[in-house]
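What follows draws every value from the coordinates through simple rules; no lab data is involved. What you are looking at is a predicted structure, and each value in this text was computed from that prediction instead of being measured. As a convention, Cβ positions derive from the backbone with ideal geometry for all residues, glycine included, and neighbour counts pool all protein chains shown.
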Amino acid sequence: MSFERDLVRELNNLRRDPKGYSSIVKKYKDYFEGNILKIPGAQAGIKTEEGPAAYDEAINFLNNASPADEMTPSKGLFYIASDFLGMVQKETDPNNLKNVDMDSIISRHGNFTGNFSRSMEFGGATPEQVIVNLLVSDGDKTRGQRDALLNNNLKKVGVASGKHETYRTASIIVGCTQFENSSGNDDYSI
């Protein structure tokens, strides 16, 4: 649970100060050799599709972004993230997860109102790496996960992380405006 707690903390650090967070993304940009990201202490380099250019784009985005309210943990959203993580861990190709029926997963745990988002990240060894990878969204020209991280309409959050056979790790972040847990109280302390 400490990884999930730290991931929520890292997400809220980004939301409080996106301009300040750009310095963290810049630090990662400095680890490139060609299109290979070589994070100090990592077992291997990471081959990227876009290389440092995607990091420059993320830095520019953050320098122009407005702060967002902190998100508070939700028990129901934690269960949703955990259920989805279980599906992700069984799948070797993340593209096969795009058409998952999230409504059926959500309805098992409650109901949301307002906006809802789901972000998937693979390979991040630390909460900081997870957030940076989602901000950069290497190879995803829509950069939709980046927008979700700073969407001020999202007030509640649930996260789950675990091992993945192909990508070493997988992390799921789900957020929504409001959530009503089917078992009552949705407050959650991770």
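The loop-placed GluC sites (Glu not before Pro) in the range 1-103, going by DSSP, that have at most 11 neighbouring Cβ atoms within 10 Å of their Cβ come out as 49.
Summing charges over all other residues whose Cβ lies under 11 Å from the Cβ of residue 53, with Lys and Arg as +1 and Asp and Glu as -1, gives -4. A cut-off under 15 angstrom between Cβ atoms defines the neighbours of residue 135, and their net charge, with Lys, Arg +1 and Asp, Glu -1, is -1.
Within the shell defined by Cβ-Cβ distances under 11 Å, the residues around residue 3 carry a net charge of -1, with Lys and Arg each +1 and Asp and Glu each -1. Here is the list for the range 45-112: trypsin sites (Lys or Arg not before Pro) lying in DSSP coil, each with at most 10 other C-beta atoms within 10 angstrom of its C-beta, are 98. Measuring nothing but alpha carbons in the range 94-190 and taking Rh as the Kirkwood radius, the Rg to Rh ratio lands at 0.96. With the alpha-carbon atoms of the range 2-181 aligned to their principal axes, the span from lowest to highest coordinate is 46, 36, 30 Å, starting with the largest.
Straight-line reach from residue 47: which lysines have Cα under 21 Å away, leaving out those fewer than 8 places along the same chain? Qualifying lysines at Cα under 21 Å: 26, 27, 29, 38, 141, 163.
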